[in-house]
Amino acid sequence: MNPIKTGLKKKIKVLIVDDSLVFRERLARGLAQDSGIEVVGTAPNAYVARDKIIKLRPDVMTLDVEMPGMSGIEFLRRLMPQYPIPVVVVSAVSENVFDALNAGAVDFITKPDLRKQISSDFFINELIVKIKIASTAKVGHWKKDISQGDILRSSKGDIKTKGDIKNKIIAIGASTGGTEAIAKIISTFTKDMPGTVIVQHMPAVFTKMYADRLNNSYLVDVKEAENGDNVYPGRVLIAPGEHHMRLKKRGDTYYVECFRGQKVSGHCPSVDVLFSSVAQVAGKDAVGIILTGMGSDGSKGLLEMREKGARTIGQDEKSCVVYGMPKIAYEIGAVEKQVPLDKIPQTLQRILEE
């Protein structure tokens, strides 16, 4: 039966790769609960996975990082240039997930404690969502970019600023594919860049790992935000996982408020919460940048920013891993300039020089 002709939605074919037989079976049973997903195979290591990818042609692969013989990261580095496929990394809490994302993975999720039913159920539900998002991701650029290497390389910074930047604020929001996109932008920052506040959809613990990783790689000071942290030139604050972040101002000093709360636009931290606060506090002194990600988080907040006189930039469709957040923002008129990821630093520089 042809699903296109009958109007039936095609199931997402998934390959599970993990060295634990128990975990593979638990994962397969959990994913099978969703009518939109079909687990077409499992593999205990990279070598078996390679053969099954060729044979089964899965739409998405889940991949463990720590495996015998060849690690998941090394497998990604060899696989993506030859056979790009959307990959969701399923791993223990480790900074290795960022190496996997840099090697081509679309997203990641931490392994649960399978002894706790609630933890396991929540994990399966989250993984199902991530697989569905990953199935829409664009990964073809990895085939062209074999010599890309690690994006978190040292950089001297490229953006030069002039004039008084003390009152300027840069606000960035991203989701799926955002860790790579943010790093590429931050790599161009110099110490005299305006204070920068960022929301990247990411679980707690990982936001600090990510901030530390950027801090050790680039010229600006990057930190996981804490409540009351000041925002000043040369400093980048990343919202902590499971906390919203708002920009505040006391006298001439910007600072952030970090707090737990209900999800807004489907997320905590929420880009909308950050952007809305930037609109109110910084107004025309702000620049908002919305990057790759599924959904609409950030679009309303960016529109508020633009209506308050801020300049706004959106990542274009071609360079997005998932053209969701920037698309909605563009469609509602929140984006002033829509440009490819590699042109965002130049666009930002021109805005700061005006």
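Worth pointing out:
- Every residue from the range 289-299 that is within 23 Å of Val236 (Cα to Cα) and either surrounded by fewer than 22 Cβ atoms within 10 Å (Cβ to Cβ) or within 13 Å of the chain's Cα centre (by Cα) (or both): Ile290, Leu291, Thr292, Gly293, Asp297
- Residues that are in contact with an Asp or Glu (Cβ under 6 Å, 6 or more places away or on another chain) and surrounded by fewer than 21 Cβ atoms within 10 Å (Cβ to Cβ) within the range 312-338 comprise just one, Gln338.
- Of residues in the range 265-281 being open to solvent by less than 10 Å² (accessible area, probe 1.4 Å) and hydrophobic (A, V, I, L, M, F, W, C), the one nearest to Ile328 (Cα to Cα): Val271
- For the condition surrounded by 15 or more Cβ atoms within 10 Å (Cβ to Cβ) and either without any contact (Cβ under 8 Å) to a residue 12 or more places away in the chain or not in a helix (DSSP H, G or I) (or both), Val97 does not qualify.
- Number of residues in the range 86-102 that are of a type in the set (A, V, I, L, M) and within 14 Å of the chain's Cα centre (by Cα): the value is 6.
- If the condition is being over 29 Å from Lys166 (Cβ atoms) and surrounded by 15 or more Cβ atoms within 10 Å (Cβ to Cβ), then the range 243-264 contributes only Val264.
Yes/no per residue for (1) in contact with a strand residue (DSSP E or B) (Cβ under 9 Å, 6 or more places away or on another chain); (2) hydrophobic (A, V, I, L, M, F, W, C); (3) in contact (Cβ under 8 Å) with a residue 12 or more places away in the chain:
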{"site": "Gly261", "(1), (2), (3)": "yes, no, yes"}
{"site": "Val278", "(1), (2), (3)": "yes, yes, yes"}
{"site": "Asp285", "(1), (2), (3)": "yes, no, yes"}
{"site": "Val321", "(1), (2), (3)": "yes, yes, yes"}
{"site": "Ile332", "(1), (2), (3)": "no, yes, yes"}
{"site": "Pro340", "(1), (2), (3)": "yes, no, yes"}
{"site": "Ile351", "(1), (2), (3)": "yes, yes, yes"}
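- Breaking point among (1) touching a Leu at 6+ places or on another chain (Cβ under 8 Å); (2) outside any loop (DSSP other than H, G, I, E, B), for Ser217: (2)
- Residue in the range 196-231 that is least open to solvent (accessible area, probe 1.4 Å), counting only those that are farther than 20 Å from Leu101 by Cβ and among the polar types (S, T, N, Q): Thr196
- Filter pass, Leu127 being hydrophobic (A, V, I, L, M, F, W, C) and touching an Asp or Glu at 6+ places or on another chain (Cβ under 8 Å): no
- Every condition in (1) open to solvent by less than 10 Å² (accessible area, probe 1.4 Å); (2) under 20 Å from the mean Cα position of the chain (by Cα); (3) under 19 Å from Thr196 (Cβ atoms); (4) β-branched (Val, Ile, Thr) holds for Thr347 except the one numbered (2).
- Within the range 314-354, being part of a loop (DSSP other than H, G, I, E, B) and of a type in the set (A, V, I, L, M, F, W, C) holds for Cys320, Val321, Val322, Ile332, Ala334, Val335.
The values are calculated or read from the model by the stated rules, or taken from the named source; none is laboratory data. In this text, all values refer to a predicted model and were calculated from it rather than measured experimentally. A quick note on method: Cβ atoms are made from the backbone with ideal geometry, for glycine too, and the neighbour counts reach across all protein chains shown. Keep in mind that these areas ignore ligands, DNA and RNA; they rest on the heavy atoms of the full protein, side chains included. Shrake-Rupley method; radii C 1.70, N 1.55, O 1.52, S 1.80 Å.
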